[in-house]
Each structure stands twice: as C-alpha cells, then as structure tokens.
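Quick notes on the structure that follows.
The values are calculated or read from the model by the stated rules, or taken from the named source; none is laboratory data. Owing to the predicted nature of the structure, the values given are computational and were not obtained by experimental measurement. Note that each Cβ is placed from the backbone with ideal geometry, even for glycine, and that neighbours are counted across all protein chains shown. Keep in mind that these areas ignore ligands, DNA and RNA; they rest on the heavy atoms of the full protein, side chains included. Shrake-Rupley method; radii C 1.70, N 1.55, O 1.52, S 1.80 Å.
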Amino acid sequence: MSEVLDGYRSVWERKPVLRTVYGDIFDRIASRAVPGMTLEIGGGIGNLKERIGDLISSDIQFAPWLDLVADAQKLPFADGALSNIVMLDVLHHIEFPALLFREASRVLRPGGRIIMAEPGITFGSKLFYRLLHHEPVQMDADPLLEGAPDRTRNPYDSNQAIPTLLATTYREQFHSRFPNLRISETQWFSFVAYPFSGGFRPWSLMSEPMARVVLWLEKHIEGALGRHFGFRLLTVVEKRSL
C-alpha cells in the first residue's frame, strides 16, 4: 500500500493545479474546525497538516509522515479527547461508517465536529462518477449498515454514493441512530475545476492559473447550483453540547 501513497506524493509534488484544487478543499475543512485537538482519519500523503494546527494525522496503513496507524472503526482515544475529526475522501472507503460515527460520538467532546469532504453524487456529477471514475457508485447501499470489520479487506474498496446517501436519503435515520450527533451543514460545490484537474492522474485539462479563476467563479454559483451539479460534498456533523 505504501507504493500507492508514494505515487500520490509524487503526483502532488509535480502538479501545481492539483495542489490548488485540493487547497480549496483543505481551506473549507479548516475553516469549520473548532479549537482543540484534531484527528485526521485517512491522512494519506499528509498534506492537511499545512492548514490545521494541533493535527494528528492517521491512516489504516503506515507511512513515515503520519502520526498514527489506526482503524476509523475503533479509535484509540479516550472519551471526549478530541475537538474535531476531519476526513478527505475517506468516508466512502470505510466498510461500516456507522462504527466510525459510534466511535466519533464517544471520542468527541460536546460541541466537537466531524468534518468530511467527499464525492457528491448529483444530477451533474453522476455520469462522470459512474463512467469515468474507477470507484463504484451504488445508490442502493445502506450507509448505516453495521457488522464485523473484515481485517483482510482492501482499504481502497469503496462506494462513492455513501456520503450522499448519508446526507440525503438516510439523514433522519442517522439522527435517530445517533441522537447526540447532528448534521449541521451540507455544502455541495466544485463543478469544473475538480474533474478538469485530472485529480491524481498525470494529466490535467487546465493550468494552475486557470484553476484559480475557475475556483473563484465556482464559489459564486455553488449556493444556487451546487445541489444539482456539484461534484463535491462537504458535511459537518456536530456533537450536541450537554
């Protein structure tokens, strides 16, 4: 697995348009974090540390730039130890997201937050994710299904529909299952910049200066069009204060 992360780091270092597009996502996550210790789940190549202080970067697989190896479905923290849990493109890889939320409700302090940036399945993005992205989109899945995690499961297995299902179809079921957690914000964003950047592939259909202009324009229309055409979904889940 470390070879995959090494490959991602190599692309990141030589592709400024990628750093610009993801920098916008990092800023959205960081701006919603509350003061205190923050755990990053699925730290990957470790770049979110540039935006958030007091960050513990973890992943299910070892890498020398990470602080902790841990399974999101069983976190090695005491009750109420954390102020934030942040994730970028991680929720849709977790085998049983309900186990993560159960752990999060335990380790977060009252008023703490889970902040997640994930693929958003909309009218405008669905065809792209189904046909041009290697990860599946299974809209008939249950994002709150629980079970015993398979320790031999490939951590890159995924279902890109999970975050959207959680924020829409299963939103009320989520609140019933986890009464001390509340989805406080959903923001649908990113139209052209993300898919045209090529992500972590070696190619890009736009330059870095063009990406900056496009991101600026996108922010001015995401409020009106994001829910219908956005490629990304930012979800904030807050633990109720006592």
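Would region 160-169 turn up any residue that is open to solvent by 10 Å² or more (accessible area, probe 1.4 Å) and over 17 Å from the mean Cα position of the chain (by Cα)? Yes, that holds for at least one residue. Just one residue in the set G44, G53 is modelled with pLDDT under 95 and within 15 Å of the chain's Cα centre (by Cα); that residue is G44.
Of all residues in region 205-242, those being touching a residue at least 60 places away in the same chain (Cβ under 8 Å) and assigned to a loop (DSSP other than H, G, I, E, B) number 7. Here L144 does not fit the description of being closer than 30 Å to G80 by Cβ and in contact with a Ser or Thr (Cβ under 7 Å, 6 or more places away or on another chain). The set of residues in region 142-176 being in contact with a strand residue (DSSP E or B) (Cβ under 9 Å, 6 or more places away or on another chain), outside any helix (DSSP H, G or I) and without any contact (Cβ under 8 Å) to a residue 60 or more places away in the chain consists of R151, T168.
Please indicate, with yes or no, whether at least one residue in region 109-119 is buried (at least 19 other Cβ atoms within 10 Å of the Cβ) and free of Cβ contacts under 8 Å to residues at least 60 places away in the same chain. Even if it seems obvious, please write down each step before you answer.
Just the residues of region 109-119 that are buried (at least 19 other Cβ atoms within 10 Å of the Cβ), to begin with: 112-119.
Narrowing further to those that are free of Cβ contacts under 8 Å to residues at least 60 places away in the same chain: none.
Scanning region 109-119, I find no residue that is buried (at least 19 other Cβ atoms within 10 Å of the Cβ) and free of Cβ contacts under 8 Å to residues at least 60 places away in the same chain, so the answer is no.
Of the residues making up region 208-218, those that are surrounded by 13 or more Cβ atoms within 10 Å (Cβ to Cβ) and more than 12 Å from V192 (Cβ to Cβ) are E208, R212. Residues of region 1-21 that are hydroxyl-bearing (S, T, Y) and without any contact (Cβ under 8 Å) to a residue 40 or more places away in the chain: S10 alone. Taking interchain pairs and intrachain pairs at least six residues apart, which have beta carbon atoms under 7 angstrom, with the first residue in region 49-71 and assigned to a strand (DSSP E or B) and the second among the acidic types (D, E) and open to solvent by 60 Å² or more (accessible area, probe 1.4 Å)? Pairs that qualify, where the first residue is assigned to a strand (DSSP E or B) and the partner is among the acidic types (D, E) and open to solvent by 60 Å² or more (accessible area, probe 1.4 Å), are I56/D67; S57/D67; S58/D67.
Determine if region 17-24 includes at least one residue that is in a loop (DSSP other than H, G, I, E, B), over 15 Å from the mean Cα position of the chain (by Cα) and not β-branched (V, I, T).
No, that holds for no residue.
Might you check whether a residue that is basic (K, R), more than 15 Å from A70 (Cα to Cα) and in a helix (DSSP H, G or I) occurs anywhere in region 126-139?
Our first condition is that a residue be basic (K, R); within region 126-139, this holds for 126, 130.
Next, only the ones that are more than 15 Å from A70 (Cα to Cα) stay: 126, 130.
Adding the requirement that they be in a helix (DSSP H, G or I) leaves 126, 130.
The answer is yes, given that some residue of region 126-139 is basic (K, R), more than 15 Å from A70 (Cα to Cα) and in a helix (DSSP H, G or I).
Residues that are part of a strand (DSSP E or B), in contact with a helix residue (DSSP H, G or I) (Cβ under 8 Å, 6 or more places away or on another chain) and of a type in the set (V, I, T) within region 30-48 comprise just one, I41.
Look at region 177-204: where a residue is over 30 Å from V107 (Cα atoms) and assigned to a loop (DSSP other than H, G, I, E, B) and a partner is among the acidic types (D, E) and open to solvent by less than 60 Å² (accessible area, probe 1.4 Å), sitting 6+ places away or on another chain with Cβ atoms under 6 Å, you get F191/E218.
Looking at F62, F101, which is the one that is among the aromatic types (F, W, Y) and open to solvent by 10 Å² or more (accessible area, probe 1.4 Å)? The match here is F62. Within region 144-159, the set of residues being of a type in the set (A, V, I, L, M, F, W, C) and open to solvent by 70 Å² or more (accessible area, probe 1.4 Å) comprises L145, A148.
Residues checked against (1) surrounded by 18 or more Cβ atoms within 10 Å (Cβ to Cβ); (2) touching a Phe, Trp or Tyr at 6+ places or on another chain (Cβ under 7 Å):
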| site | (1), (2) |
| --- | --- |
| A193 | yes, no |
| F196 | no, no |
| W203 | no, no |
| E222 | yes, yes |
